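The values are calculated or read from the model by the stated rules, or taken from the named source; none is laboratory data. Just so it is clear, the structure is predicted and the values come from calculations on it, not from any experiment. Every residue, glycine as well, gets a Cβ built from its backbone with ideal geometry; the counts of neighbours run over all protein chains shown. For the accessible areas, the whole protein counts, side chains as well, though only heavy atoms, and no ligand, DNA or RNA atoms are used. Shrake-Rupley method; radii C 1.70, N 1.55, O 1.52, S 1.80 Å.
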Amino acid sequence: MRSLALALLLVSAAAAADDGHLRGAMQDFNEGRNARAALGFRAALDTAAGADRAQAEYFLARSLERLGFAFGAFFHYAAIVREEASHPYWLEAVDGAARAATELRDDVVAPNLFEKIYGDRLDRLPPERLAAIRTSLALLSWRAGRYEDAVRLVRLVPEGSAASPQARYLTGLLQQRTDPEKAVETFRALASLAGVDGALTELSFIALGRTLYGLHRYPEASAAYEKLPRFSRHWDEALFEGAYANMRMGDPGAALGKLHSLHSPHLRDEFVPESLNLTAILYQQRCLYPQVRAALAEFDSEYLPMRDQMKGLLQAGPALGEYWRMLSVGDSRLPPAVQHHLQKNERVSAMRAHLERLDREAVRVRAEAGLAGSALKDELLDAVARQKELSEQLSGKFVQGRLADMVRLIDVLQGDRELIAFETTKGEKEMLESRFDADAQLASQRLYRPAMPPAGHEYWPFDGEYWPDEIGFYRYTVKDACPAGRDE
């Protein structure tokens, strides 16, 4: 079995072919002159054949990796990986490609490469590397809807590996479809696991809340959503979905309090059109029709123009790369809330990180004095530029799809809004026809202070001014203007 402990590998120049480029490159590599080694290996590729060429291919990638050129290394490792497994450095190239992909934050190109060569021969990789590859392939399968493949792959990721938390999260998502009670256990365990990345913990609480909601366990769902840190990336989702759970458990005061936080100036950049329809529904259930109409009017004034702006961009049909550039700071083609919503998407964040790494690599290649004036430098810059163009197109296609989804969402919500408006008009008409005095009924009711936690909280009425330390802790007490015996 070939050893993969390459960090300690020293290759004797005597073992190299008589080719002068290769002998000199091996000596430079062993003595840490990485730029000179890379140039030598690249020159050897033009003259060497057979085992010598294979050696030059592999050690060119190793030299580029040592120089910190992760994409240049990946490019050359991948060229070996695509060859037959008979290549003498094939397994080492798979290992190197996986290392480089991790550095590049690449969750598209590398997984597709590994999917083509996945099989028993990868079992000889270091366990941590194999676990990472299997997790990336499971994620690729899950996104493509190949759920059985994803299940098979995550089961092969060992507990305790660095990739295990991500694999467990995917396991929970897969269990949501077939065994939601088991998914609850998975997400609860992952959310409480020490040492897990904070972003994954947040996603686990969100997934836990959604699973519990689907099981009609609304108080537990609400409690799960409340675990998310205030002002964290997904807090807006937790506030909205938690409000829905509160409504379903018969606690409109808690639901309206969460929505009040969500509509505060501190969260004004969030894209939350569903929240206004939910606000209208909560008020309509208590025949508070002026408040219903106010929420619907806010939906019309805020989100219908956003939808029309997004529709106009989609209909104009710009190049895919332009959709990606719409997320750049200072680009005003998208409404701020839409741009912010897309910028904080996990996949968009990963795409941005990948592109930023490509930009940094191009800067480093240009600055490497040892490659000045060489054909290798031009080849590396050309490869980075082509990868960046491809990545921007893929990212732009993703953004285009999300914009279309957001337009469809607002269209659906507008249809719901029309139903709410119709029911509101009908309710107002019935009150007029029956001469029911809603104002008198409201005046006869008292507003009670909401229940207080046993310790650590103070109470004061909201006076129109928002304070950061209050947001997330609002709670309404709600009167009911509905006539007695009204059907809900």
_For the chain, take the longest principal axis of its alpha carbons; what is the angle in degrees between that and the long axis of helix 34-45, to the nearest 10 within 0 to 90?_
70
*Using a cut-off of 21 Å between alpha-carbon atoms, which lysines can reach LYS377, once sequence neighbours fewer than 8 places away in the same chain are excluded?*
LYS388
*Using percent of Cα pairs over 41 Å apart as the read-out, say which of (i) 44; (ii) 29; (iii) 37 was calculated from these coordinates.*
(iii)
*asked:* Under 8 Å for C-alpha pairs, at least 6 residues apart: give me the relative contact order for the chain, rounded to a whole percent.
replied: 12
*In nm, spacing of pseudo-spin labels at GLU185 and ARG121 (7 Å Cα→C-beta vector)*: 3.9
*What FRET efficiency would be calculated for the residue pair ALA350, LEU381, taking the C-beta separation as r and a Förster radius of 30 Å, to the nearest 0.05?*
0.80
*Over the chain, what percent of the accessible surface lies on carbon and sulfur atoms, probe 1.4 Å?*
53
*asked:* Please report, in whole Å³, the volume per residue of the convex hull around the C-alpha atoms of segment 340-419.
replied: 74
*Could you give the angle, 0 to 90 degrees to the nearest 10, between helix 180-191's Cα long axis and the longest principal axis of the Cα atoms of the chain?*
70
*Two decimals is fine: what's Rg over Rh for segment 13-93, C-alpha atoms, Kirkwood radius as Rh?*
0.94
*Given the peptides 439-449, 150-160, 313-323, arrange them by the average over their residues of other C-beta atoms within 10 Å, most packed first.*
150-160, 313-323, 439-449
*Taking a ≥ b ≥ c as the square roots of the eigenvalues of the Cα gyration tensor of segment 245-308, is the shape rounded (a/c under 1.5), prolate (a/b larger than b/c) or oblate?*
oblate
*Would you mind pulling out the separation of the Cα centroids of segment 207-247 and segment 21-56, in Å?*
57
*Would you mind classifying segment 171-229 by shape? Square roots of the alpha carbon gyration tensor eigenvalues, ordered a ≥ b ≥ c; an a/c under 1.5 is rounded, otherwise it is prolate if a/b is larger than b/c and oblate if not.*
oblate
_Expected output is a single nm value to one decimal: the length gained when fully extending between GLU458 and ASP149, i.e. 0.36 nm times separation in residues minus the C-alpha distance. What is it?_
106.0 nm
*On a 0 to 90 degree scale, rounded to 10, what angle separates helix 50-66 from the longest Cα axis of the chain?*
50
*What's the Cα-based Rg to Rh of segment 65-203, Rh via Kirkwood?*
1.00
*Can you bin segment 192-297 into rounded, prolate or oblate? Criterion: square roots of the alpha carbon gyration tensor eigenvalues sorted a ≥ b ≥ c, rounded for a/c under 1.5, prolate for a/b above b/c, oblate for the rest.*
oblate
*How much mean residue ellipticity at 222 nm does the chain get from its helices, if each DSSP H run of length 4 or more adds -39500 (n - 2.57) and you divide by all residues, to the nearest 500 deg cm²/dmol?*
-21500 deg cm²/dmol
_Run the simple label-point estimate for GLN414 and GLU433 please: 7 Å along Cα→C-beta, distance reported in nm._
3.0
*Using the heavy atoms of the protein chains and a 1.4 angstrom probe, tell me the accessible area per residue for the chain in square angstrom.*
49
